[in-house]
Amino acid sequence: TGGTRFGRFPGGGEPRSLTKDAAVDLHPDWHPDGTRLGFESRRTGNWDIFMINQDGTGLINLTNHPANDGNIAWSPNGERMAFVSDRDGNFEIYVMNTDGSELTRLTNNDAADVFPDWSPDGNQLVFRSDRDGNNEIYIMNADGTNPVNISDNAAADEHPTWSSDGTQISFASDRDGNFEIYIIDIDGTNPVRVTNNPAEDQYPHWRP
């Protein structure tokens with residue numbers, strides 16, 4: 001069909017397709033209860049956010065907007081979803097309920113704010129922004145207040161994710177010549193490179 005589809009293979013079994021559309025489906029993320037997946041798709045002609053049951057049934061378009069929506073992240077309690085949209089002219093971070101209601105914009109900046117991820121307690125979000133002239137890692141409160149630059153480096157810092165114990169952030173950075181994975185304390189101290197390879201290492205994710 002020419003599109004990208006999702007499969008699942010619990011226990012190492014054979015993957016099977018959950019989505020069956022010719023459009024591109026990308027960046028799936030499990031709901032915390034393990035019964036649903038959120039993902040982004042171009043099946044509407046632009047990027048929208050969809051939810052689907054783990055057996056491939058119950059497909060729902062949560063955003064249904066002519067703008068581009070993506071970069072989803074479920075809140076730890078599964079009641080809210082953070083995502084990125086350019087519906088107000090540039091990429092900002094929004095939250096909504098799992099049925100698409102109560103949409104709220106959290107960031108309001110001329111820069112691109114992307115790649116949100118929740119703290120384990122649901123009280124904060126980490127994200128990437130170029131509001132200081134280059135790509136940096138920021139932490140803000142879950143209501144969008146008090147954004148703080150925790151990476152503060154002239155290099156490009158990307159794709160932040162929160163550790164399961166809430167004490168550290170992992171991210172990708174090219175500060176040593178190519179993209180490697182780093183971890184940093186949530187107050188911005190003690191950056192440590194954890195990969196060291198000539199290849200590009202990106203998109204870190206913590207083990208639960």
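The values are calculated or read from the model by the stated rules, or taken from the named source; none is laboratory data. Nothing here was measured: the structure is a model prediction, and the numbers come from that model. Using ideal geometry, Cβ is built from the backbone for each residue, glycine included, and neighbour counts are taken over all protein chains shown. Ligands, DNA and RNA are excluded from the accessible area calculation, which covers all protein heavy atoms including side chains. Shrake-Rupley method; radii C 1.70, N 1.55, O 1.52, S 1.80 Å.
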- Query: Out of (1) open to solvent by less than 20 Å² (accessible area, probe 1.4 Å); (2) at pLDDT below 95; (3) not hydroxyl-bearing (Ser, Thr, Tyr), the odd one out for residue 205 is which?
  - Reply: (1)
- Message: When you check residue 100 against the structure, is it of a type in the set (Gly, Ala, Ser), in contact (Cβ under 8 Å) with a residue 12 or more places away in the chain and at positive phi, yes or no?
- Response: yes
- Task: Give the residue, chosen from 124, 168, that is over 14 Å from residue 73 (Cβ atoms) and modelled with pLDDT of 95 or more.
- Result: 168
- Query: Does residue 207 satisfy the criteria of being part of a loop (DSSP other than H, G, I, E, B) and over 21 Å from the mean Cα position of the chain (by Cα)?
  - Reply: no
- Item | Condition check for residue 186: among the β-branched types (Val, Ile, Thr), over 30 Å from residue 64 (Cα atoms) and under 14 Å from the mean Cα position of the chain (by Cα) | no
- Going by the structure shown, is residue 47 touching a strand residue (DSSP E or B) at 6+ places or on another chain (Cβ under 8 Å), surrounded by 15 or more Cβ atoms within 10 Å (Cβ to Cβ) and of a type outside the set (Lys, Arg)? yes
- Taking residue 195 as the residue in question, decide whether it is exposed (fewer than 13 other Cβ atoms within 10 Å of the Cβ), assigned to a loop (DSSP other than H, G, I, E, B), at pLDDT 95 or above and not aromatic (Phe, Trp, Tyr). no
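Yes/no matrix, rows are residues, columns are (1) within 20 Å of residue 110 (Cα to Cα); (2) in a strand (DSSP E or B); (3) modelled with pLDDT under 95:
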site: 39; (1), (2), (3): no, yes, no
site: 50; (1), (2), (3): no, yes, no
site: 55; (1), (2), (3): no, no, yes
site: 71; (1), (2), (3): yes, yes, no
site: 77; (1), (2), (3): no, no, no
site: 81; (1), (2), (3): no, yes, no
site: 84; (1), (2), (3): yes, yes, no
site: 87; (1), (2), (3): yes, no, no
- Message: Which count do you get for residues in the stretch 156-177 that are out of contact with any strand residue (DSSP E or B) (no Cβ under 6 Å at 6 or more places or on another chain), surrounded by 14 or more Cβ atoms within 10 Å (Cβ to Cβ) and either over 18 Å from residue 142 (Cβ atoms) or basic (Lys, Arg) (or both)?
- Response: 3
- Query: Yes or no: residue 57 in contact (Cβ under 8 Å) with a residue 60 or more places away in the chain and not aromatic (Phe, Trp, Tyr)?
  - Reply: no
- Of all residues in the stretch 170-183, count the ones that are touching a Ser or Thr at 6+ places or on another chain (Cβ under 7 Å) and of a type outside the set (Phe, Trp, Tyr). 4
- Message: Among the residues of the stretch 83-104, what is the count of those that are among the hydroxyl-bearing types (Ser, Thr, Tyr) and closer than 17 Å to residue 46 by Cα?
- Response: 1
- Quick count over the stretch 68-98, residues being open to solvent by 10 Å² or more (accessible area, probe 1.4 Å) and in contact with a strand residue (DSSP E or B) (Cβ under 8 Å, 6 or more places away or on another chain), is 13
- Query: residue 74 fails exactly one of the following numbered conditions: (1) more than 24 Å from residue 128 (Cα to Cα); (2) within 14 Å of the chain's Cα centre (by Cα). What is the number of that condition?
  - Reply: (1)
